[in-house]
Every structure is written in C-alpha cells, then in structure tokens.
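Bear in mind these aren't lab numbers, they're just calculated from the coordinates by the rules spelled out. On a predicted model such as this, the values are computed, not experimentally measured, just so you know. Every residue, glycine as well, gets a Cβ built from its backbone with ideal geometry; the counts of neighbours run over all protein chains shown.
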Amino acid sequence: MSAFTGVTVDREALIANYATLAERVAPAGVIAVVKADGYGHGAVEAARAFVDAGAEWLGVADVDEALALRRAGIDVRILAWLHAPDEDFVRAASEGITPAVSSVEQLAAAAGAEVPAVHLVLDTGLSRNGAVESEWPELFAAAAALPRTRVEGVMSHLANASREDDLAQDAALDRALSALAAHGIVPEVVHLAASAASIAVPETRRDLARIGLSLYGLSPFADRTSAELGLRPAMTVTASVLRTIRVPAGHGVSYGYTHRTERETTLAIIGLGYADGFDRGFGNRVSVSIGGRRFPVVGRVAMNAMHIDVGDAEVAAGDEVVLWGDPATGVPSVEEWAAAIGTINYEVVARLGPLLARRTT
Ligand SMILES: Cc1ncc(COP(=O)(O)O)c(C=O)c1O
C-alpha cells in the first residue's frame, strides 16, 4: 500500500497544546487563532480540536475565513480583524461574527450592519491595521455615540521587537483604555499578546491571549524548541515514493542540474513540489526521513516533484517519506526546513497550499 502524501494533523497534540497554553496564560483566556487555514493545518479541523479542548473564542484575519468556520458548523465566538476597504459586515452580522474594527469607517459599517458588538483594533507600535494614536479621539468619540453597537473588546498586536518594546506597547494600550474610559467605554475584554509574549512577557496577557503558532505545537522563539516549551508539533508531512531510479556517478538531477551524483546511487521521487507550497529553495538544503534514516533532497524542487538521494538503501515505490514532523520522534523538524531557506516555521507551514491533502488522526 502506498504511504499517504500530504499533511497529517495530530488532533490529540492540538488538544494537549491548547490545555498546556490555557493553563500557562490563566487567568487570561485564549483566542485560538486559526487564520491562514489554521497555519496550514486545516482551519476547520484545527478549530474543532481547539473548541473540543475548551476554546470559547477563535480568531481569524477576515470575514471570509470566519464564514468558512460557520459553514462547517462551528458555533463559538469568532473574531475577524483585517478587512477590505469595502467590507460591509452584513455577512458578519448575519452569522454572528465579531468584527474587530480599525477605523471610524469600519466602525460605521459594522454599526450600519447592526453588528451587536465590535472590538477596536488599536495600533500601539506595529504600524499595521489598528487605529494609530492620533486617530483614537475621533474613533473613541464615534464608538461612544453608537446607539446599538457596543465596544466589547479592545485589541492591539505586538511587534515582538524586544521585551522593552512590548512593554512600551502595553503602556500605550493603557493610555488608550484611559481615554476610552473618559468616553464612558470600559471594554469587557482586552487582548494584546500572541504566542511569543503570552509565554515570555506575562505582563501583556491581559484578559485574553490570541495564540496561533504555539497551539500547533511550534515555538515562536529561535532559541527555544517545542519540547522545551512543553508543546508537541501537530503536523507531520509525508509522501509516498512514486518511483526509484538507479543512476550512475555524475548524473544531473532535476531542472538545471544543480546537483550531480557523486557516485552510482538511487534517486527516490516524491510527488510534492512548489505547487503544494514547498519553496523551490529547499532543493539541496534539507533532508527527509525514510525508515528512520535521513536522506538529502537533491536537485531543484519542481512544481510537483522532489528528488531524494537514498544511496544504496532499500527504498521502493510506496514507501513513506517524512519531510517533517515532531523531532522528538527522530524526524526532521519544520524549523530545520525553515532555517534551510532563511525563514521561520510560521512561513513554512502557512504556505502549504490547498492542493495538499490533509487528514486528521
Ligand atoms: C492580530 C494577530 N493576533 C494574534 C496572532 C497569532 O500570532 P502567533 O501565531 O504568533 O501566536 C496573529 C498572527 O500573526 C495576529 O495577526
């Protein structure tokens, strides 16, 4: 039988990670972030696992992502915080999705759609989608004047530049809350920290921590592993060997012959490539695990294929290749793949595309 090609998500790991992190940030609650298709793990399945683990809130970037969760029957609170200029929030209102709004215009649109509650997104230093400090007076006055839409929450997002920078953003958020209070608005929930600060800067935990990456068992820190944080990577990427070919020394492999065999060897070909979200730059820089042994990926990653040099090992069509998974089991970590192309684990998992099969165990 052929091995599975695609992403396998360990539901128990997601549930265990949720429990670990919920306990760590308590008494703050958790907004489980499932944007970007649940960081490549599959948003619906990830959301179901987190809800089963006790999540009362899910977080996504936009209303479309939130609607996809609703269509799958997920009925907990969903917060969506990044909106197109013409987003009218009508769908959000009808599906009970809570918009986090960044401007007077978005606030007015949400109120016009009769959304019962919004969160305000305030920029305290990331310079992304929140209202910047000079815009706060107008936004807060507009929020105070709304007859039917209440400000349930206030959020900001950290730049993770340093502990001092995080605390400066935390202080800016306090200034915002004082200014809001002067307008008679005291939000029920304030949230600032994501994975990194939730773990490393407890002062920033506030009422809710919006946690993404760590819930999937991955570390947001370059110098601390998942295991050191008590987390289990939930994703394993596997592929079935499509075929093997025996080639002589000096044989050019894949487009452009960026690799030539040093001696007679066997090449195993798998059906994953950049169309599935695997960076072309992985070629000649990463290794995979087959039957518990490591072998290098050689030559350029193609649109739908990668080559593995398995030497003289007994590898046959249908055998399982593990690209990455939980390194505690001896397979490569996603961090090894990320480091190979100079990026972070976030990017490698989030780029895994919709063409890739996904299953939950
Ligand atoms: C606004 C916001 N909150 C929370 C998160 C979750 O971040 P992390 O995956 O680092 O926990 C993100 C992700 O980028 C985000 O954009």
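Worth pointing out:
- 126, 355, 21 arranged by Cβ crowding within 10 Å, fewest neighbours leading: 355, 126, 21
- Sequentially through the range 256-270, phi angles give Karplus couplings (6.51, -1.76, 1.60; θ = phi - 60°) of x, 6, 6, 9, 10, 4, 7, 8, 4, 7, 10, 9, 9, 10, 10 Hz, Gly and Pro residues having no value and appearing as x.
- Value at 222 nm in deg cm²/dmol, rounded to 500, when DSSP H runs of n ≥ 4 in the chain each add -39,500 (n - 2.57): -8000 deg cm²/dmol
- Counting only DSSP beta bridges with both residues in the chain, the antiparallel share comes to about 50 percent.
- Principal axis dimensions, largest first and in whole angstrom, of the chain by Cα: 77, 40, 37
- Rounded if a/c under 1.5, otherwise prolate or oblate - the range 11-216, Cα gyration tensor axes: oblate
- Phi to ³J(HN,Hα) by Karplus 6.51 cos²θ - 1.76 cosθ + 1.60 over the range 15-22, Hz, x for Gly, Pro: 5, 5, 5, 4, 4, 4, 6, 4
- R0 of 22 Å, Cβ-Cβ distance residue 200-residue 339: FRET efficiency to nearest 0.05: 0.60
- The HN-Hα couplings worked out from phi for the range 97-111 by the Karplus form 6.51 cos²θ - 1.76 cosθ + 1.60 (θ = phi - 60°) are 9, 8, x, 9, 10, 10, 8, 4, 5, 5, 4, 5, 5, 5, 5 Hz, whole numbers, x standing for Gly and Pro.
- Subtracting the Cα-Cα distance of residue 207 and residue 150 from their residue separation scaled by 0.36 nm leaves 18.7 nm.
- All other residues whose Cβ lies under 13 angstrom from that of residue 206 are scored, Lys and Arg at +1 and Asp and Glu at -1, for a net of -4.
- Backbone N under 20 Å from the residue 303 label point (7 Å along Cα→Cβ), restricted to the range 261-279: 269-279
- Under 5 Å from the amide H of residue 326 lies no amide H of any residue 5 or more positions distant or on a separate chain, with H modelled from the backbone and absent for Pro and chain starts.
- Count Lys and Arg as plus one, Asp and Glu as minus one, and take only other residues whose Cβ is under 12 Å from that of residue 311; the net charge is then -1.
- Sorted ascending by nearby beta carbons within 10 Å, beginning with the fewest, 245, 341, 270, 290 become 245, 341, 290, 270.
- Rounded to the nearest 20, the size of the Cβ-charge dipole of the chain about its Cα centre is 920 debye, with Lys and Arg at +1 and Asp and Glu at -1.
- At R0 = 45 Å, FRET efficiency that the Cβ-Cβ distance of residue 294 and residue 132 yields, to 0.05: 0.40
- Charge sum, other residues only, whose C-beta stays under 11 Å from residue 77's C-beta, Lys/Arg counted +1 and Asp/Glu -1: -3
- Unit charges at the beta carbon, dipole of the chain: most positive-side option, 134, 334, 161: 334
- Around the amide H of residue 33, modelled in the peptide plane, lie the amide H atoms of 59, 211, 212, all under 5 Å away and 5 or more residues distant in sequence or on another chain.
- Rounded, prolate or oblate (a/c below 1.5 giving rounded, otherwise prolate when a/b exceeds b/c) for the range 235-360 by Cα gyration tensor: prolate
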